[in-house]
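A short write-up of the structure that comes next.
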Amino acid sequence: MSQVHRRAVTSINMQDFSGTRSSSSQAPLLSSTSSSSDDGYDGDMRITYGSTSGENDALLPVNSQSGDENEDDEDDEDEEDEELDTTAQGGVQQADAINQVWSKAALVTAYLFIFLCSFAHALQWQVIFNLMPFVVSEFQSHSLIPTIAIVSNILSGVLKLPVAKMIDSWGRPQGFATMTLLAALGLLLMSLCRDVETYAAAQVIYQVGVSGFTYILDIIVADTSSMKNRSLALAYSSTPYVVTTFIGPVIASAFADDSRWRWAFGVSAVLFVLLSLPLFYILIVNMRKAKGLGLLQKPAKPEPWTARRIRHYLIEFDAVGMLLLSAGMALILVPFSLTSKSTSRTSLNAYTGTLLLGFAFAIAFGIHERRASKPFIKFSLLCSRNIAGACLLSVTIFVAYFAWDGYYTSYLQVVHGLTITEAGYVGQIYSLGASVWGVVVGYLIRKSDRFKWLAVVALPVHIIGGALMIIFRRPDTHILWVILCQVLLTIGGSTLVVCDQMAVMAVVSHGELASAMAILSLVTYIGSAMGSSLSGAIWNSTLPEALAELLPELSPVELGAIASDLKKQLSYPMGSHTRTAIIAAYAQSQARMCIVGTLVSFLEIGAVLLWRDSRLSQSKQVRGTVL
């Protein structure tokens, strides 16, 4: 989701074509579609291309040739609508060109390679997710888990903005390769780190790279699928979690002891690159094919770097806007992680001042976007009901999720005595369930041609699942009741995430797709960072204090070692006085996390009701051979 997100984690038009305009759900997914960007073309004739010239790697419009010299005016208008948008940025035009030149077999092959990429990401995420508590505990820094997540989430979210600009102007394949190498670099650095600072830096590099990787993968899926079938296509790209949910914890368990986790990161880096190469290859091959057919022209020789050119790119990439937003988000979120037992007036005043300054930067970003000559996203679109509602929903879902998820696998091992493998299985119910349930949601969206009704139905399921956690996440509760809560959260949360993406994509054009999804991804990471901040604040202010009250015979040094080291917590046998005290401290912390997450989730109701519903088959974004 995604991950959650991302994963949760994490995710994001047109009608089906099979020689007719039927919107039946029985229409074939694979279709040779030629649709206009926004002007309502309904024809199903493929255009024929000749060799022409163009500039800046742009798509070149070519009139189709017909054997009938007596075409009527309506056919002429249809062909005009079918002409490709030469005003779009180079990366968007590359995506359209690839769709025009590849065959159905190539499209199917590309989706098989997308599955490989998703499998590589899902597997390594499972391994890292389960190994992180042991890695940071080896450096006696178990409480740093939320802090690392906060920094990673802020940078991962904010840097989606330049990544979106990069793939729109440079190209999807090039951006995909860049993010793959960045993620692999982070994995290699993690395998070589000797202290927690190096590990944290490597984790941030990896998260920035892999979040860009999954984001671009979603954009590639959106480029190659019609709006009505897109939720199914996105669900397909998440299906590897069905497999990795089971094998990931097993692999993590094998590497958990004796610092063998370094080998896990090193092997993951190599496999990640190898499994990503096929998709990059097929995209590059078809892009070159489009150039060979005259659809794309080789880019002109770049101008030398001058002050004028630098200024041009700063404006083009909206550097001022991204700087304002980055500073604002950092100032808003970082203070949450600093909350601990220190509640002095001076500390609270400092936190309040930092938060207010952060909100001021965020407001300045909105004002800048309204007045900028090259805004990252149109201000009117940013304030539209669907995008505003989708952003609010993403924030609330992920704040609620990460408010109680930060120490979940640790809780399962310490309180319920599960092994790392068993805790991994339980902790990844969302990933597994969302992968399966996403297919059901995608089918229902395709069948009904609408998305809002599903979100309305999912709201009470998600909220009730969160409320039940307050009751059942206790030491004396059977683990099956804990699992039941997670199943409800999975059904409700994954449905809301899919509908959230569709609400955004339903109101944007193809050229605006990457920017709009980057904004949605940004608020998703903001929500997860806020949730991680809350869980870290609750942990740091509750667990040490509870341990001190329950274990007064231990020195502050010993108490600090217990609070920060998962292995030390697990070293005390179940039933012993110390282990019982640790379990009670965990229960107190988890109860507060669940209460906060449930209260936040009530905001989801207003977010969903804000949306405008629409018939997805009437929305046209992509052209060519698509799903």
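Can you confirm whether the range 76-85 contains a residue that is surrounded by 16 or more Cβ atoms within 10 Å (Cβ to Cβ), modelled with pLDDT under 85 and within 29 Å of the chain's Cα centre (by Cα)?
Applying the first criterion (surrounded by 16 or more Cβ atoms within 10 Å (Cβ to Cβ)) to the range 76-85 yields 78-79, 81-85.
Subset that is modelled with pLDDT under 85: 78-79, 81-85.
Narrowing the set further to residues that are within 29 Å of the chain's Cα centre (by Cα) leaves 85.
Yes, there is a match, as at least one residue in the range 76-85 is surrounded by 16 or more Cβ atoms within 10 Å (Cβ to Cβ), modelled with pLDDT under 85 and within 29 Å of the chain's Cα centre (by Cα).
Residues of the range 158-169 include none that is charged (D, E, K, R) and over 30 Å from ARG288 (Cα atoms).
The rows are residues; the columns are (1) crowded, with 24+ Cβ neighbours inside 10 Å; (2) among the small types (Gly, Ala, Ser); (3) in contact with a Phe, Trp or Tyr (Cβ under 8 Å, 6 or more places away or on another chain).
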position: VAL210; (1), (2), (3): yes, no, yes
position: ILE216; (1), (2), (3): yes, no, yes
position: ALA222; (1), (2), (3): yes, yes, no
position: SER225; (1), (2), (3): yes, yes, no
position: PRO240; (1), (2), (3): no, no, yes
position: VAL243; (1), (2), (3): no, no, yes
position: ILE251; (1), (2), (3): no, no, no
position: ALA256; (1), (2), (3): no, yes, yes
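For the range 350-384, which positions are assigned to a helix (DSSP H, G or I) and of a type in the set (Ser, Thr, Tyr)? Spell out the reasoning first.
Going through the range 350-384, the residues assigned to a helix (DSSP H, G or I) turn out to be 350-371, 379-382.
Scanning the range 350-384 gives TYR351, THR352, THR354, SER380.
Yes/no per residue for (1) in contact with a Pro (Cβ under 8 Å, 6 or more places away or on another chain); (2) under 30 Å from VAL250 (Cα atoms):
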residue	(1), (2)
ALA403	no, yes
THR409	yes, yes
VAL414	no, yes
LEU432	no, yes
VAL457	no, no
GLY465	no, yes
LEU488	no, yes
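Please pick out the residue among ILE483, ILE491, ILE470 that is in a helix (DSSP H, G or I) and either among the charged types (D, E, K, R) or within 18 Å of VAL596 (Cα to Cα) (or both).
Working: ILE483 fails: either among the charged types (D, E, K, R) or within 18 Å of VAL596 (Cα to Cα) (or both); ILE491 fails: either among the charged types (D, E, K, R) or within 18 Å of VAL596 (Cα to Cα) (or both).
Of the residues listed, the single one that is in a helix (DSSP H, G or I) and either among the charged types (D, E, K, R) or within 18 Å of VAL596 (Cα to Cα) (or both) is ILE470.
Within the set of pairs 6+ apart or on separate chains, which have a first residue in the range 168-196 that is closer than 13 Å to THR214 by Cα, a second that is outside any helix (DSSP H, G or I), and C-beta atoms under 9 Å apart? Correct list of pairs: THR178/TRP170.
Report whether or not ARG592 is over 34 Å from the mean Cα position of the chain (by Cα), charged (D, E, K, R), assigned to a helix (DSSP H, G or I) and at pLDDT 85 or above. Step through it out loud before you land on a result.
Numbers: over 34 Å from the mean Cα position of the chain (by Cα): no; charged (D, E, K, R): yes; assigned to a helix (DSSP H, G or I): yes; at pLDDT 85 or above: yes.
So ARG592 does not fit the description; no.
Filter the range 178-203 down to residues that are β-branched (Val, Ile, Thr) and surrounded by fewer than 19 Cβ atoms within 10 Å (Cβ to Cβ) and give me whichever is modelled with the lowest pLDDT. It would help to see each step written out before you state the result.
Taking the range 178-203 and keeping what is β-branched (Val, Ile, Thr), we get 178, 180, 196, 198.
Next, from what is left, pick out any that are surrounded by fewer than 19 Cβ atoms within 10 Å (Cβ to Cβ): 178, 196, 198.
Working: THR178: 92, VAL196: 74, THR198: 80.
In this case the residue turns out to be VAL196.
Total residues in the range 248-294 satisfying the condition of being more than 16 Å from GLN124 (Cβ to Cβ) and of a type in the set (Ser, Thr, Tyr): the figure is 2. Name the pairs: first residue in the range 474-489 and more than 17 Å from ALA584 (Cβ to Cβ), second residue at pLDDT 90 or above and of a type in the set (Val, Ile, Thr), Cβ to Cβ under 9 Å, at least 6 apart or on different chains? Qualifying pairs under 9 Å: LEU488/VAL461; LEU488/ILE464; LEU489/VAL461.
Would you confirm, using the coordinates I've provided, whether SER541 is among the small types (Gly, Ala, Ser) and either surrounded by 24 or more Cβ atoms within 10 Å (Cβ to Cβ) or modelled with pLDDT of 85 or more (or both)?
no
Give the residues of the range 595-627 that are surrounded by fewer than 19 Cβ atoms within 10 Å (Cβ to Cβ) and either under 15 Å from MET502 (Cβ atoms) or over 24 Å from the mean Cα position of the chain (by Cα) (or both), sorted by residue number. Answer for the range 595-627, where residues must be surrounded by fewer than 19 Cβ atoms within 10 Å (Cβ to Cβ) and either under 15 Å from MET502 (Cβ atoms) or over 24 Å from the mean Cα position of the chain (by Cα) (or both): ILE595, LEU610, ARG612, ASP613, ARG615, GLN618. Residues that are modelled with pLDDT of 90 or more, surrounded by fewer than 24 Cβ atoms within 10 Å (Cβ to Cβ) and of a type outside the set (S, T, N, Q) do occur in the range 490-507, at least one of them.
The residues on offer are LEU277, LEU234, LEU271, and the sole one that is among the aliphatic types (A, V, I, L, M), surrounded by 19 or more Cβ atoms within 10 Å (Cβ to Cβ) and assigned to a helix (DSSP H, G or I) is LEU234.
When the range 292-335 is filtered for residues that are within 28 Å of LEU382 (Cα to Cα), modelled with pLDDT of 75 or more and part of a loop (DSSP other than H, G, I, E, B), only ASP318 remains.
Within the range 573-585, identify whether any single residue is assigned to a helix (DSSP H, G or I) and among the polar types (S, T, N, Q), and answer yes or no.
Scanning the range 573-585, I find at least one residue that is assigned to a helix (DSSP H, G or I) and among the polar types (S, T, N, Q), so the answer is yes.
Residue pairs whose Cβ atoms lie under 7 Å apart, separated by 6 or more positions or on different chains, with the first residue in the range 515-526 and under 16 Å from LEU155 (Cβ atoms) and the second polar (S, T, N, Q) and surrounded by 23 or more Cβ atoms within 10 Å (Cβ to Cβ), are VAL523/SER394; THR524/THR10; THR524/SER394; TYR525/ASN153; TYR525/SER156.
The values are calculated or read from the model by the stated rules, or taken from the named source; none is laboratory data. Quick caveat: nothing in here was measured; it's all calculated off a predicted structure. Glycine gets a Cβ as well: all are built from the backbone with ideal geometry, and neighbour counts include every protein chain shown.
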